[in-house]
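Read the structure below first, then the notes.
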Amino acid sequence: MNPKYQKNRKASIRKRLCQVTWGWYSISMATGGIAVLLYNTPHQFTGLETIGKIVYVFNLVLFLSISLCLSFRFLTKSSALKESFQHSNETHFVGTCLLAFATIIIGAESYGTSACGPWLQVALRIVFWIYVAISIIEAIFHNWYLYHHSMASEQPFALVRLLPSFPAMLSGTIASVIASNQPQKHALPIIIGGTTLQGFGFLMSLFIYGEYFYRLNKSGLPKPSERPEMFIAVGPWSFTALALIGMANAAVEKFPVRYIISYADSSHSETVTVTTGDIALVIAALAGIFLWTIAFFCLCIAIASVLALCKAFGGAGAPGMSLPYWSMVFPNTGFVIATIRIGQVLQSEAVLWVASAMTILQVAIWLIASVATIWAVWTRRMLWPEDAEKEEGEKEC
């Protein structure tokens, strides 16, 4: 639609709020991810933690605001919730609500542990298992729903179809963060549960990757409006790497000395040179480096594909601001944190400095996307009814 024509039109606040979709949680995902990234940045300066807390609180407000807008949309029109699941594109983004909430849980552990009492660890433990249950239900029944209604044929961009399984995979990331501060009897099942769901989500993503790379080889790059979503491919590799290393770090402290090993060796020798946690950490570190490499490849392919749209590189020009651009933030945040984890486990100051530089760049991208979104909403390019005649004729949103 012509932007000049849009500026001359009028739309009520009610109609604009009804344009909020499940995909808007991607903004909260990105913002929560930035708050977690600021906490984990290896080279801190005075006041950085305070900035991180501000971003975290802002994300809480953002998450609540999006939830209220969606609730308003669904309550205003009784069929809106059902229609959101039936829409070939929007239905795939339902899981972003859980992904955004995952960043809130991780942020609560990061920023709340030092400020709150033991009750926080109990609360996080309870919330973790509730999140696990909901993410499993989401992964099974939402995927079944998509299969049952043949949604794949209506959503040709493969990477979007891994989103229903993504929240389950983030259970491993949450476990890697909260397990270290839990009592041993609770930490052990959290680590095992996190490993289980991390593996499930990662293996589900491999199925999608097969089609994604097949289509890249067969049909070439996606259309311009979908290219920012190519950054989604960075996520599963990165979050699996950081989750494995994080859970292995917790295992070093929380696993019993002869856990699992005692099954193969029934002797009760007092001398133990290598513990189960030590073995887990070595394997996780090597696997993390392996996964980081393919994540880096996907990141470079996505960057080159988006830059190819720019006129400076001979392209026709990148599409205007839209929600898919937020795909450039959350997956890449996982990549940066995975880099930090690898640098820490390898005790490499060079890698940690690279991660700090990547943090600065990632925060800059988040700020640019935030300003661009605000401007797009202000200039009526986002949160605006697309069809003028249809909107004017409708009595309900």
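Tabulated results
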quantity: Accessible surface of residue 110 - all protein chains present, 1.4 Å probe, nearest 10 Å²; calculated: 10 Å²
quantity: Histogram of C-alpha separations across the range 89-238, 10 Å bin width, %; calculated: 11, 38, 30, 15, 6, 0
quantity: Kirkwood-Stokes translational diffusion coefficient of the range 44-117, alpha-carbon pairs, 37 °C, 0.692 mPa s, µm²/s; calculated: 226 µm²/s
quantity: Angle between the chain longest axis and helix 234-254 axis [Cα atoms, degrees, rounded to 10]; calculated: 30 degrees
quantity: Hull volume in cubic angstrom per residue (convex hull over the Cα atoms of the chain); calculated: 167 Å³
quantity: Where the chain is the region considered: accessible area per residue in Å², 1.4 Å probe; calculated: 48 Å²
quantity: Accessible area (Å², 1.4 Å probe, nearest 10) - residue 321; calculated: 40 Å²
quantity: Local electrostatic count, residue 275, Cβ distance below 12 Å [Lys/Arg +1, Asp/Glu -1]; calculated: 0
quantity: Point-charge dipole on Cβ atoms (K/R +1, D/E -1) for the chain, about Cα centre, debye to 20; calculated: 1100 debye
quantity: Backbone HN-Hα couplings from phi across the range 181-186 [Karplus 6.51/-1.76/1.60, Hz, Gly and Pro as x]; calculated: 9, 8, x, 4, 5, 9
quantity: Sequence ranges 374-382, 84-92, ranked by mean other-Cβ count within 10 angstrom, highest first; calculated: 84-92, 374-382
quantity: With Cα atoms, 0 to 90° folded angle of helix 48-76 axis to the chain main axis; calculated: 50 degrees
quantity: Computed lengthening from residue 81 to residue 141, 0.36 nm per intervening residue step minus Cα-Cα distance; calculated: 20.0 nm
quantity: Under-26-angstrom lysine pairs by C-alpha in the chain, whenever the two are 8 or more apart or on separate chains; calculated: 22
quantity: Under 14 Å, Cβ to Cβ, from residue 42 - net charge with Lys/Arg +1 and Asp/Glu -1; calculated: -1
quantity: Carbon/sulfur fraction of accessible area - the chain, other protein chains in place, 1.4 Å, %; calculated: 68 percent
quantity: Cα-Cα separations in the range 1-137 greater than 24 Å, expressed as whole percent; calculated: 44 percent
quantity: 13 Å beta-carbon shell around residue 316, net charge (K/R +1, D/E -1); calculated: +3
quantity: Amide H contacts under 5 Å for residue 315, placed H, 5+ residues apart; calculated: 310
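The values are calculated or read from the model by the stated rules, or taken from the named source; none is laboratory data. Everything numeric in this text was worked out from a predicted model, so none of it was measured. When we count neighbours, we look across all protein chains shown, and the Cβ atoms used for this are built from the backbone with ideal geometry, even at glycine. All accessible areas refer to the heavy atoms of the entire protein, side chains included, with ligands and DNA or RNA removed. Shrake-Rupley method; radii C 1.70, N 1.55, O 1.52, S 1.80 Å.
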